[in-house]
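The values are calculated or read from the model by the stated rules, or taken from the named source; none is laboratory data. Since this is a predicted model, take the numbers as computed values, not measurements. Because the Cβ atoms are built from the backbone with ideal geometry, glycine has one as well, and the counts that use them run over all protein chains shown.
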Amino acid sequence: MNIGVIGAGYVGLTFSACLAKMGHRVICAEKDRDRLATIKEGILPFYEPGLAELVATGVRQGNLSLTDDLKAAVGHAPLVFIAVGTPSGTNGEPDLTALEEAVDAIVSAANDDQVVAIKSTVPVGTSEHVSTMLARGGRSAHVAANPEFLREGSVIDDFFHPYRVLIGTTDAAAARLLSTVYHPLACPILVTDPRTAEMIKYASNAFLATKISFINEIAMICERAHADVAEVAAGMGADPRIGQAFLKAGIGFGGSCLPKDLRALGALARRYALTPSILDAVIQVNDAQRQRFIERVEILLDGLPGKTLAVFGLAFKGGTSDLRESPALAIVDRVLTAGAIVRAFDPAAEEAAKRALPVLHCCPDAYEAAEGADAILILTEWPEFEALDWGRLRGLVRRPVVIDGRGVQVASPATRAGFAYFGPGGAIAHPRSSGASERPHAFRSAERTTSG
Ligand code: UDX
């Protein structure tokens with residue numbers, strides 16, 4: 001089938017390349033010419049395992065072409081996906097400028113009876129708004145909300161093995177065509193009305209964020225009560241009604257979706273004069289995690305000024321170079337302001353980090369970053385950190401301390417090599433607490449906690 005995709009960001013480019021791999025003939029339009037030129041050269045503007053190769057294969061085989069001409073992408077395709085960004089605008093409501101530009105292009109392409117599927121995450125009611133815009137422009141298109149659930153770092157696998165596909169439409173032609181496209185993926189296809197589909201996307205991301213803030217609040221209590229939050233999460237998750245996923249305590253969630261979608265859902269509630277208490281609390285807990293982590297570092301190192309911190313990880317999560325709303329970057333920014341010296345390493349985000357924080361000193365690998373460090377801070381859950389040679393790192397640091405903000409599996413090798421390890425939820429003495437059960441200052445006593 002001829003398919004047009006508007007937008008070559010994470011979602012648009014992934015969709016284009018994966019649809020091309022399925023055998024469709026895809027034209028992907030991106031109006032940012034610099035971005036487009038880079039992609040055409042075979043370089044992605046972001047790190048995503050396997051995607052550059054998939055794009056190149058699609059182009060080479062003639063199933064995928066990239067253009068800055070929106071009209072060309074939508075002109076001859078019976079199916080068009082809108083996959084443009086919807087960044088946070090005023091009051092947390094998404095900015096729909098790019099989406100409306102895409103709809104204008106569809107109107108001017110004058111191709112009637114098209115199915116227009118909205119992949120961008122959009123406020124409840126947007127599909128109806130798009131239908132109205134198309135009708136006003138004299139187009140008889142069939143519109144469907146078709147939210148995506150791709151996770152950065154695993155977008156290709158997520159595309160081909162989705163938990164479900166959502167088609168939000170009351171239009172039988174749109175439901176039929178989209179079901180045909182998704183049928184080979186062999187997953188549940190849920191057809192709802194457009195508003196419900198739009199809400200499912202927001203509610204799903206808000207629920208994932210809620211799980212994270214919930215376990216982070218539990219971690220805060222575990223720290224004082226001397227319980228191991230990783231084991232608490234495993235014990236909770238053994239109940240299938242709770243599940244293991246998204247119960248990893250740490251410095252909190254970031255990225256281009258969870259924070260933005262929480263704000264958007266909150267803004268929607270407020271538009272109806274409702275108070276989204278849980279959503280507000282989820283954001284509040286998440287924001288507080290960063291400061292709580294910094295306080296932990298301050299306590300363990302007896303202050304930040306002049307201390308050298310080896311920072312492992314800058315991206316908002318492992319497997320990506322994306323720094324959008326990265327808790328790691330926010331923490332680095334604050335500890336630099338507090339007078340610490342930072343030597344950072346990230347397997348993929350170095351270039352982006354230098355642009356975002358030009359004063360940041362980045363190192364080519366973890367070992368160089370560790371040289372002379374008073375502590376190693378783990379701020380992104382890169383699997384690479386689990387394979388590090390902790391004996392070698394022990395010989396490079398000034399003080400053998402690991403403060404893990406992500407609960408990666410390094411406690412055993414690090415402690416075996418002589419590091420004191422402090423994971424999320426691990427107890428440390430706290431100057432503001434007076435509880436008799438508090439343990440002595442963990443770093444000075446070289447005590448090792450191994451939670452995480
Ligand atoms: C998310 C949704 O998972 C995906 O379905 C949607 O399409 C887009 O938004 P993504 O932003 O790629 O995907 O990241 P995700 O894997 O959800 O992680 C988000 C953040 O939560 C990261 O900062 C991650 O480090 C953090 N996280 C995740 C935790 O702190 N603990 C966990 O247990 C899981």
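Name the residues in region 299-319 that are touching a helix residue (DSSP H, G or I) at 6+ places or on another chain (Cβ under 8 Å) and either of a type in the set (Phe, Trp, Tyr) or away from the ligand (no atom under 16 Å from the Cβ) (or both), would you?
Within region 299-319, 304, 307, 309, 310, 312, 316 meet the criteria.
Of all residues in region 267-320 being outside any helix (DSSP H, G or I) and charged (D, E, K, R), which is farthest from residue 422 (Cα to Cα)?
Looking at residues that are outside any helix (DSSP H, G or I) and charged (D, E, K, R), I get 317.
Could you run through region 12-71 and say how many residues are surrounded by 19 or more Cβ atoms within 10 Å (Cβ to Cβ) and at positive phi?
Of the residues in that region, 0 qualify.
Conditions: (1) at pLDDT 95 or above; (2) more than 16 Å from the ligand (Cβ to nearest atom). Residue 359 meets all but one. Number of the miss?
Unmet for residue 359, out of (1) at pLDDT 95 or above; (2) more than 16 Å from the ligand (Cβ to nearest atom): (1).
Answer with yes or no whether residue 118 is under 25 Å from residue 51 (Cα atoms), of a type in the set (Val, Ile, Thr), modelled with pLDDT of 95 or more and touching a Pro at 6+ places or on another chain (Cβ under 9 Å).
yes
Please work out which residue is surrounded by the fewest Cβ atoms within 10 Å (Cβ to Cβ), limiting yourself to region 255-286 and to residues that are of a type in the set (Gly, Ala, Ser) and out of contact with any strand residue (DSSP E or B) (no Cβ under 8 Å at 6 or more places or on another chain).
That would be 273.
Just to be sure I understand the filter: pairs with C-beta atoms under 8 Å, separated by 6 or more residues or on different chains, first member in region 253-268 and away from the ligand (no atom under 12 Å from the Cβ), second member hydroxyl-bearing (Ser, Thr, Tyr). Which pairs pass?
263/88; 264/88; 264/121; 264/202; 265/202; 268/202
If I filter region 388-411 down to residues being assigned to a helix (DSSP H, G or I) and more than 28 Å from the chain's Cα centre (by Cα), which single residue comes out as surrounded by the most Cβ atoms within 10 Å (Cβ to Cβ)? Lay out the reasoning, then the answer.
Our first condition is that a residue be assigned to a helix (DSSP H, G or I); within region 388-411, this holds for 390-396, 411.
Subsequent filtering for residues that are more than 28 Å from the chain's Cα centre (by Cα) retains 390-396.
Numbers: 390: 21, 391: 12, 392: 12, 393: 26, 394: 15, 395: 13, 396: 16.
That would be 393.
Residue 385 passes all but one of (1) outside any loop (DSSP other than H, G, I, E, B); (2) surrounded by fewer than 17 Cβ atoms within 10 Å (Cβ to Cβ); (3) touching a residue at least 60 places away in the same chain (Cβ under 8 Å); which number fails?
Looking at each condition in turn, residue 385 falls short on (2).
Test residue 344 against the criterion of being among the hydrophobic types (A, V, I, L, M, F, W, C) and closer than 21 Å to residue 384 by Cβ, and give yes or no.
Criteria met by residue 344.
Return yes when residue 322 is surrounded by 18 or more Cβ atoms within 10 Å (Cβ to Cβ) and within 14 Å of the ligand (Cβ to nearest atom) and no when it is not.
Taking the combined requirement at face value, the residue satisfies it.
Here is a check on your reading of the model: is residue 136 surrounded by fewer than 17 Cβ atoms within 10 Å (Cβ to Cβ), over 30 Å from the mean Cα position of the chain (by Cα) and not aromatic (Phe, Trp, Tyr)?
When the stated conditions are applied, residue 136 passes them.
Please enumerate the residues belonging to region 287-319 that are among the β-branched types (Val, Ile, Thr) and either more than 14 Å from residue 374 (Cα to Cα) or surrounded by fewer than 23 Cβ atoms within 10 Å (Cβ to Cβ) (or both).
Within region 287-319, the first condition is being among the β-branched types (Val, Ile, Thr), and the residues that meet it are 294, 297, 299, 308, 311.
The answer is 294, 299, 308.
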